1. Okay, helix-only estimate at 222 nm for the chain: each DSSP H run of n ≥ 4 adds -39500 (n - 2.57), divide by all residues, round to 500 deg cm²/dmol; what do you get?
2. Among the GluC sites (Glu not before Pro) in segment 65-146, which ones are in a DSSP loop with at most 10 other Cβ atoms within 10 Å of the Cβ? Mind listing them?
3. Take the alpha carbon atoms of segment 3-62, find their radius of gyration, then divide it by 2.2 N^0.38 Å using N residues; give the quotient.
4. Quick one: 3J(HN,Hα) in Hz for segment 95-110, Karplus 6.51/-1.76/1.60 with θ = phi - 60°, rounded, Gly and Pro as x.
5. Could you tell me what percent of the accessible area of the chain is made up of carbon and sulfur, with a 1.4 Å probe and every protein chain present?
6. For V216, which sequence-distant residues (separation of 5 or more, or a different chain) have an amide H within less than 5 Å of its own amide H, given hydrogens modelled in the peptide plane?
7. With springs connecting C-alpha atoms under 10 Å apart, model the chain as a Gaussian network and identify which of Q139, Q168, Q118 has the largest mean-square fluctuation.
8. Could you give the length gained on full extension between Q118 and H27, defined as 0.36 nm per residue of separation minus the Cα-Cα distance, in nm?
Amino acid sequence: HSIPMLSLGNARGEEELRAWAERMRSHLAREAIDIKEFEFVVEPKIDGLAVSLRYENGELTTAATRGDGSEGEDVTANIRTLAEVPQALHGRHVPAVCEVRGEVYMRHADFAALNKRQADAGDRTFANPRNAAAGSLRQLDAAMTAQRPLHFFAYGWGEMSEMPSASQHGMVQAFKGFGFAVNPRMALCRGADELIAHYRKIETDRAALGYDIDGVVYKVDDDRV
């Protein structure tokens, strides 16, 4: 990875979340960044396999798993079989170098159908959708990956020759314009109370999402932070 794929920090309760939000506000103030419109992006944390997709002059050139954050597995041939990963980016303002990062995952219904097919054929079944998605993407034969019901949500970026937006939310909307699927549960919030309220909303709806999540991700909606 030209830019490392870093891990997320954790907040395990409301007080830790409030403390983090206040630290972000203090950081913005120290950096003399205007905080009148200080917002966060909130999104479900998809329980799948993180990948980075590199596009050059709008064309997909390489795809790699997160690995150790600095180097991952080359899954380019396999990722090309996913319908939700464009081979070429749409739009007039696509950066010459554009690394889009996101999550490969499997929906509950597709996972159940896959396991049934595996069992009926006398093949090994998978323990959960995450393992099924990871195993499917790592197949040595890309034709086998093409037979698996994999999906992709875009939510971040690595190397960019030009930033389409100065905000997290704006970047994700740019990805949508490029042809990627983005999570419809993503929302803009202000302040810790709204962050907690949206978390509770996602938690209430969790069973109806149709895919696994393992929490909620909060990001400051400003690429200067």
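The values are calculated or read from the model by the stated rules, or taken from the named source; none is laboratory data. Keep in mind the model is a prediction, meaning the values are calculated, not measured. Don't worry about glycine lacking a Cβ; one is built from the backbone with ideal geometry, like all the others, and counts go over all protein chains shown. Ligands, DNA and RNA are stripped out before the accessible areas are found, and what is left, the full protein with its side chains, is counted by its heavy atoms. Shrake-Rupley method; radii C 1.70, N 1.55, O 1.52, S 1.80 Å.
1. -10000 deg cm²/dmol
2. Passing both the DSSP loop test and the Cβ count: no residue.
3. Values: Rg = 16.6 Å, N = 60, 2.2 N^0.38 = 10.4 Å.
With N residues counted in segment 3-62, Rg over 2.2 N^0.38 Å equals 1.59.
4. Along segment 95-110, the couplings run x, 4, 10, 9, 9, 9, 10, x, 10, 8, 8, 10, 6, 4, 5, 5 Hz.
5. That fraction is 48 percent.
6. The list, which skips near neighbours in sequence, is K45.
7. Looking only at Q139, Q168, Q118, the biggest GNM fluctuation is shown by Q118.
8. So the chain would gain 27.6 nm between Q118 and H27.
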